[in-house]
Amino acid sequence: MNCRFLNYFWHYKKDHHSMCERVIRKAREWNLKITHMVGVRDARDPAVMEFLKEQEREHGDELAIWLDPDRQMLVDAGVDEFQPFFTLYSKDAKRRLAEAFSVFHEKSFGSPMRVATGFNFDADCVETLRVFSPSLKGIMGTVFEEGIAAGHRHRYFDTEWVNWLEGGPWNPYYPRKGNANVPAASVDESLGVVMVPHLSRDLVQSFDQRDDFNSSQPMDRLRGKSIWEGNIETLKRFYQETLAQEEFNGYGYYQFLESPHNYIPGAACIFDEPRGEFAQVCDDYVDFLGREVAEGRIKTVSMLEFCEWFNSRFKGVNPPAMAKWRDIRRASGKEYFWYADACQRALFASDRGGALLDFRPYAAHIDKVAGNDSPSLWDMNHPFIVQNRHRYTTIGKGMMKAGGRTIDLSEIKLEIGRVEKKADGTLVRYVPKRIESGGFVFTLDSQLKIRPDGSFRTTRRILNPSERGRKIDFCEYLRGTWSAHDLPQGFAGLVLNAVSSGGQAQSLVCAHRGRVLRLDGAEACSVAFPKEQFLFEIRCLGGGCAATVREGTLFQTFYELSLEKTVKLDDEAEFSVDWRIRRIPIAVPGTDSPLAVHGCDAPLRFKTEWGPSDNPYRCPWCLGDERETHLLEENGLYRCVCCSFSGTLDDVKREYQILRSRYDAGR
């Protein structure tokens, strides 16, 4: 059975009807099913609807309302406000508009609303739409990692692009009541529709850079300069990488979407190429997708057909979503492993030793809606504990001390060997790597086990050591925060705990005072969130660890957790740690543990023993963007963890010289 699906979305505009006909004819050459997204203004025209219904009758196309009210609908519904997106209206306005959309759909489309489209929808939107349109099956209403990075880098003339929706899934899913940007844990918790993304996205570049330049929309690709007339190879690689995720999820989903104004000379656009070049790129793209359909590698479906298939396959219960995504834009060798279920969304970077670069604790049940009367206003980002791009030192990583040297695994490039789906979770096996440290040589065997209960386990094994009998120090380390943005947030009131092997907790309440608490004979350490009533902990299998927790200062608004263990090395050694979210009642202790001491009185173990490398070279490409990122070096090759630059030291210095030439030119 072909479980690869293509949704072809076209935004119909009556002002550009002839161009719409041209694009439709091109899709007809390959018998592609089109979902025509139709706004309220255009759907008021009987001639428009008759034309589109003919496409539906004759060719099996689909009509989907674009949920954007026009002035008349606002007046008729008694809504005395205007917002660019349905999501941003007040709660009362959303209810009024949901009813108006339902009535309008019955009248203009001649049927109940079964699918709907837009940029994004919060839980209030979806819930009220379902009240007035109970036959609704699917919504295009989530934009993967749309938010801060795009907002900082958009320069749309006089338009400020504030559309924050980071931290959600990239695949279709059933959204949760209270927060549509999170997968529901059960049928009862679900909003009862299939949420499909607005465009397929590159899962490396959307995190590292921005999501919009790296989507399945030809306009986005052209403006990002990754395709041009006669060359859409990057887009083809992106398509192949997207569908390769079928291996992990049991299906592949790909989306084409475009609008007519990008074809029209003189119409406002955000790319530099002539409109004829854009049209040719689109034609080449449709020809490529058409051949894929004709040769049976993907199935062209309507949005409703896909949603009905999704419902028949998953019965209203969200499956875990996974993706093993390579850097397909540049030859960096970077590879990310994404995982999302109803309890957590996590990103692990194999090129950084399997480090945790992004973590969203869905099990914390953070409710969030948008609107001008909501506490969040425009901000639908899900809060994070780790987000290594917005707060670039937040990370979860492994470290070791051997041969008198510290080995920071986040500076070591690993490769994913295989991913195994098991009854109790997903096992990621990294290719064993031979490591030398101060004359001591060993093989590092790393594994990651992700469970559907909001936990994952990291395991580090030392195999085939060059010497027996010596001791090796292991460490699992978290530097975390609690925020939905890239600006520092206060965390006074969070509780840091170090837990003994007997279960006794030593605690300190964060107050930005730079204190440290260290406990020997420990089995766990954690950070507790009293306001949200959940805990994130790291727990050592077997105990016998040293646990350290550290609160940051106002200059360094982070907290740090670490578990360290010294193991005598015979034939091999192993260190396994469970990381997990626990939604439990949180009580704030009345007094801090006497073990909590001033940071100046505690050994600076994180800096002196577990700190970053002293590699002095910075990425020249990032410097060109006036951003500083230190390069990592391995076997003479320098690479950037942010922008994917890689090269020899000569390459680095050559790029430095190019940067200097900018200043020479200004004389």
Item to complete: Could you pull out every one of the aspartates and glutamates with an alpha carbon less than 13 Å from that of K14, ignoring same-chain neighbours closer than 8 positions?
Response: D42, D45, E50
Worksheet entry | Share of carbon and sulfur in the accessible heavy-atom surface of the range 66-156 [1.4 Å probe, %] | 51 percent
Worksheet item: Can you pull out the GluC sites (Glu not before Pro) in the range 380-431 that DSSP calls coil and that have at most 13 other Cβ atoms within 10 Å?
Response: E415
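Could you grab the Rg to Rh ratio for the range 141-228? Cα atoms only, Kirkwood for Rh.
1.03
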Item to complete: Would you list the membrane-span-like helices of the chain, meaning whole DSSP H runs whose alpha-carbon atoms span at least 20 Å along their axis and whose mean Kyte-Doolittle value is at least -0.5?
Response: 275-294
Worksheet entry | Alpha carbon centroid spacing (whole Å) that separates the range 128-168 from the range 1-62 | 23 Å
Discussion item. Can you divide the C-alpha Rg of the range 211-327 by 2.2 N^0.38 Å and report the result to two decimal places?
Written reply: 1.19
Worksheet entry | DSSP bridge orientation in the chain - percent antiparallel, rounded to nearest 5 | 80 percent
Worksheet entry | Sum of side-chain charges, K324 neighbourhood, beta-carbon under 14 Å (Lys, Arg +1; Asp, Glu -1) | -4
Worksheet, complete the sentence: Once Lys and Arg are counted +1 and Asp and Glu -1 for all other residues with Cβ under 14 Å from that of E58, the total becomes -1
Worksheet item: When Lys and Arg each count +1 and Asp and Glu each count -1, what net charge do the other residues less than 12 Å away from I139, Cβ to Cβ, add up to?
Response: +1
Worksheet entry | Rg and Dmax [Cα atoms of the range 136-192; Å; Rg one decimal, Dmax integer] | 14.0, 45
Item to complete: Compute the distribution of all C-alpha to C-alpha distances in the range 370-414, in bins of 5 Å from 0, and list the percent of pairs in each, rounded to whole numbers.
Response: 5, 16, 14, 15, 13, 10, 7, 6, 6, 4, 3, 1
Item to complete: Just the number, please: carbon plus sulfur as a percent of the accessible area of the range 444-538, 1.4 Å probe, no ligands or DNA/RNA counted.
Response: 45 percent
Worksheet item: Expressed as a rounded percentage, what relative contact order does the range 26-120 have, with Cα pairs under 8 Å and six or more residues apart?
Response: 29 percent
Discussion item. How large is the translational diffusion coefficient of the range 628-667 in µm² per second when you combine the Kirkwood radius over alpha carbon pairs with Stokes-Einstein at 37 °C and 0.692 mPa s?
Written reply: 296 µm²/s
Discussion item. Less than 26 Å apart at the alpha-carbon level, and either on another chain or at least 8 residues along: which lysines does that give for K531?
Written reply: K91, K177, K368
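Just the number please: accessible area per residue for the range 97-167, 1.4 Å probe, all protein chains included, in Å².
39 Å²
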Discussion item. For the chain, what does the relative contact order come out to in percent, with C-alpha contacts under 8 Å and a separation of six or more?
Written reply: 10 percent
Practice prompt. Excluding residues fewer than 8 places away in the same chain, name every one of the lysines whose C-alpha is closer than 21 Å to that of K225.
Written response: K236, K334
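Got the relative contact order for the range 274-407 handy, in percent, Cα pairs under 8 Å and 6 or more residues apart?
In percent, rounded to a whole number, it is 12.
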Response to the item:
With the 1.4 Å probe rolled over protein heavy atoms, the range 244-368 has an accessible area per residue in Å² of 31 Å²
Item to complete: Could you tell me whether the range 101-159 comes out rounded, prolate or oblate from its Cα gyration tensor? Rule is a ≥ b ≥ c as square roots of the eigenvalues, rounded for a/c under 1.5, then prolate if a/b exceeds b/c, otherwise oblate.
Response: prolate
Worksheet, complete the sentence: The answer for the range 421-532, accessible area per residue at 1.4 Å probe in Å², is 38 Å²
Item to complete: Run through every distinct alpha carbon pair of the chain and return the Kirkwood hydrodynamic radius in angstroms, one decimal place.
Response: 26.7 Å
Fill in: Additional length obtainable on full extension of the chain from R662 to R429, 0.36 nm per residue less Cα span
79.3 nm
Worksheet item: Quick one: how many Å² of F104 are accessible to a 1.4 Å probe, rounded to 10?
Response: 20 Å²
Worksheet item: How do H59, H154 rank by accessible surface area computed with a 1.4 Å probe, from largest to smallest?
Response: H59, H154
Practice prompt. Note the full-extension length gain between S186 and D651 as 0.36 nm times their separation in residues minus their Cα-Cα distance, in nm to one decimal.
Written response: 162.1 nm
Item to complete: Once you have all Cα-Cα distances for the range 433-536, histogram them in 5 Å bins from zero and send the whole-percent values.
Response: 2, 8, 14, 16, 16, 14, 12, 9, 5, 2, 0
Worksheet item: Within the accessible area of the range 195-267, what % is carbon and sulfur when the probe is 1.4 Å and the other protein chains stay in place?
Response: 51 percent
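The values are calculated or read from the model by the stated rules, or taken from the named source; none is laboratory data. Because the structure is predicted, anything quoted here is derived from the model rather than measured. Reconstructed Cβ throughout: ideal geometry from the backbone, glycine too, with neighbour counts over all protein chains shown. Areas reflect the complete protein model, heavy atoms only, side chains present, ligands, DNA and RNA absent. Shrake-Rupley method; radii C 1.70, N 1.55, O 1.52, S 1.80 Å.
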